[in-house]
Amino acid sequence: MDFKPLVTLLAIVNPLAIVPFFIHYTQDFTPAQRRRTIGISAISTFAVIAISAILGLQILDFFSISLQSFQVGGGTLLLIGSINMLNAQPAEAKSNADEVNDAAARASIAVVPLTIPLLTGPATMSTVVIYADKAHTFWQHAALVGYGAVIALATAVCFSLAEPIARFLGKTGINVMTRLMGLILAALSVEVMADGLGKLFPILMSR
C-alpha cells in the first residue's frame, strides 16, 4: 500500500473546500459549540473511512450490492450535490430554524451534512472500498485506516482556521470556490458513474 490512496482521499474529501459550508452551518454557534462541532466532524470523518476500509466490502456483500452499482448510485448523489454547489448553495438542504436552535441538532450538523455527505460522501466511501479490495494484508488495511486519521487531522485544521480563511476569501471568494468545487465534483461524479456503468455494461466501453 503506497501513498496513492492518501493523495486520492485528500483530493476527494478536500476539507478546505468544505470550509464555506462549515461557516454556513455554524455561523450562530458559540466558540465552544464550534469547537465541539470540529471535534465531532473530525472523529466522524475518521470513523466513516475506517468503517469503509474494514467493513465496506462485507456490508455490500450483506446487501447483495455490487461495487459497480454502489459507484453508479453514489455518483448520482454526487451529481445532485454538485448542481446545488454550482448555484453557490450547500450540497444538502439547510437545516430549519428549529433544528439549528436545538442542542441535539447542533451536534448532528457535525455528522450530517458536514461529515456525510460533504466530507465523506459516496465518492469517498467508494474510493476506500475500492482500495480495501486491493489490500490483501493486515498492514495494508492498517495503512488505509491510518490514512483516515490523516484526513481527520486535516479536517480539524481547516475547520479551526475557518474564520481566517473566510476573511481572506470574503463572500465572493467563498461563492467562487463553492462553484469551482461544484464543477470539479460534477466531473468527479461523472467519472464515478462512468466507471460503474462500464463495469456493469461492458458493451458501453467497447469501440
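The values are calculated or read from the model by the stated rules, or taken from the named source; none is laboratory data. Bear in mind that the values here come from a model prediction, so they are computed numbers and not experimental data. When we count neighbours, we look across all protein chains shown, and the Cβ atoms used for this are built from the backbone with ideal geometry, even at glycine. With ligands, DNA and RNA removed, areas are computed over all heavy atoms of the protein, side chains included. Shrake-Rupley method; radii C 1.70, N 1.55, O 1.52, S 1.80 Å.
If a residue must be β-branched (Val, Ile, Thr), more than 19 Å from Ala194 (Cβ to Cβ) and surrounded by 14 or more Cβ atoms within 10 Å (Cβ to Cβ), how many such residues does the range 120-153 contain? Break it down into steps so the answer makes sense when it comes.
Looking only at the range 120-153, we keep the residues that are β-branched (Val, Ile, Thr), and these are 120, 124, 127-130, 137, 145, 150-151.
Then keep just the ones that are more than 19 Å from Ala194 (Cβ to Cβ); that gives 120, 128, 137, 145, 150-151.
Next, only the ones that are surrounded by 14 or more Cβ atoms within 10 Å (Cβ to Cβ) stay: 120, 128, 145, 150-151.
Within the range 120-153, residues that are β-branched (Val, Ile, Thr), more than 19 Å from Ala194 (Cβ to Cβ) and surrounded by 14 or more Cβ atoms within 10 Å (Cβ to Cβ) number 5.
Applying the selection to the range 1-40, what residues are free of Cβ contacts under 8 Å to residues at least 12 places away in the same chain and of a type in the set (Val, Ile, Thr)?
Answer for the range 1-40, where residues must be free of Cβ contacts under 8 Å to residues at least 12 places away in the same chain and of a type in the set (Val, Ile, Thr): Val7, Thr30.
Give the range 2-38 a look and list any residue that's open to solvent by 10 Å² or more (accessible area, probe 1.4 Å), part of a loop (DSSP other than H, G, I, E, B) and either in contact with a strand residue (DSSP E or B) (Cβ under 8 Å, 6 or more places away or on another chain) or at negative phi (or both), or say none.
Result: Asp2, Phe3, Gln27, Asp28, Phe29, Thr30.
Considering only residues of the range 12-42 that are at pLDDT 90 or above and of a type in the set (A, V, I, L, M, F, W, C), which is nearest to Val112 (Cα to Cα)?
Ile40
Would you check if there is a residue in the range 52-70 being open to solvent by 40 Å² or more (accessible area, probe 1.4 Å), closer than 14 Å to Pro117 by Cα and part of a helix (DSSP H, G or I)?
Within the range 52-70, none of the residues are open to solvent by 40 Å² or more (accessible area, probe 1.4 Å), closer than 14 Å to Pro117 by Cα and part of a helix (DSSP H, G or I).
Return the pairs, sorted by first residue and then second, in which the second residue is open to solvent by 30 Å² or more (accessible area, probe 1.4 Å) and β-branched (Val, Ile, Thr), the first residue lies in the range 145-156 and is closer than 15 Å to Gly39 by Cβ, the beta carbons are less than 7 Å apart, and the residues are 6+ apart or on different chains.
Short answer, once both residue conditions are applied: Ala152/Ile43.
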